[in-house]
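J.: Handing you a structure now.
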Amino acid sequence: MESALKPFRALAYVVGVMLLILCVAMVLRYGFDNATLSKVVAPIHGFLYMVYLVAVMNLGMKARWNWPYMLGIMLGGTVPFLSFVVERKVTERVRNAQPAEA
């Protein structure tokens, strides 16, 4: 399961940072009438979010999570700062579920 956890963790951080940059870009776009940054960041964030969804599905299937839990994790990439919190909780849950190696 560690092979599915590593990409999830990396993508959770990347998507979280991109979402924060996107929030700044939206403020610039609608508050200061400067759409340059959002035209670059929005498609990149959208693509990375789709990859994040695949990583959540991969990890969720291997960990045998139920659908409501997986959907909650997927929504973690849509709220600023939430992906960082979700990543910590998911990592803790996965590591506690694995049997200790001797």
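We did not get these values from a lab; they are worked out from the coordinates using the rules stated. None of the values given here were measured: they were computed from a predicted structure. Every residue, glycine as well, gets a Cβ built from its backbone with ideal geometry; the counts of neighbours run over all protein chains shown.
J.: Pairs, please: C-beta under 7 Å, at least 6 apart or cross-chain, first residue hydroxyl-bearing (Ser, Thr, Tyr) and in the range 63-86, second part of a loop (DSSP other than H, G, I, E, B)?
T.: Every condition considered, the pairs that remain are 83/76; 83/77.
J.: Any chance the range 80-99 includes a residue that's among the small types (Gly, Ala, Ser), more than 21 Å from residue 2 (Cβ to Cβ) and surrounded by 13 or more Cβ atoms within 10 Å (Cβ to Cβ)?
T.: Within the range 80-99, none of the residues are among the small types (Gly, Ala, Ser), more than 21 Å from residue 2 (Cβ to Cβ) and surrounded by 13 or more Cβ atoms within 10 Å (Cβ to Cβ).
J.: Related question: Pull up the range 1-60, narrow it to residues that are among the polar types (S, T, N, Q) and in a helix (DSSP H, G or I), then point me to the one that is farthest from residue 73 (Cα to Cα).
T.: 36
J.: Can you find a residue that is touching a Gly at 6+ places or on another chain (Cβ under 9 Å), without any contact (Cβ under 8 Å) to a residue 24 or more places away in the chain and not aliphatic (A, V, I, L, M) anywhere in the range 26-38?
T.: Scanning the range 26-38, I find no residue that is touching a Gly at 6+ places or on another chain (Cβ under 9 Å), without any contact (Cβ under 8 Å) to a residue 24 or more places away in the chain and not aliphatic (A, V, I, L, M), so the answer is no.
J.: Inside the range 1-45, can you point out the residues that are within 30 Å of residue 65 (Cβ to Cβ), in contact with a helix residue (DSSP H, G or I) (Cβ under 7 Å, 6 or more places away or on another chain) and of a type in the set (D, E, K, R)?
T.: Once the filter is applied, which keeps residues that are within 30 Å of residue 65 (Cβ to Cβ), in contact with a helix residue (DSSP H, G or I) (Cβ under 7 Å, 6 or more places away or on another chain) and of a type in the set (D, E, K, R), the range 1-45 yields only 9.
J.: Restricting to the range 8-48, what's the tally of residues that are under 9 Å from the mean Cα position of the chain (by Cα) and buried (at least 19 other Cβ atoms within 10 Å of the Cβ)?
T.: Count: 5.
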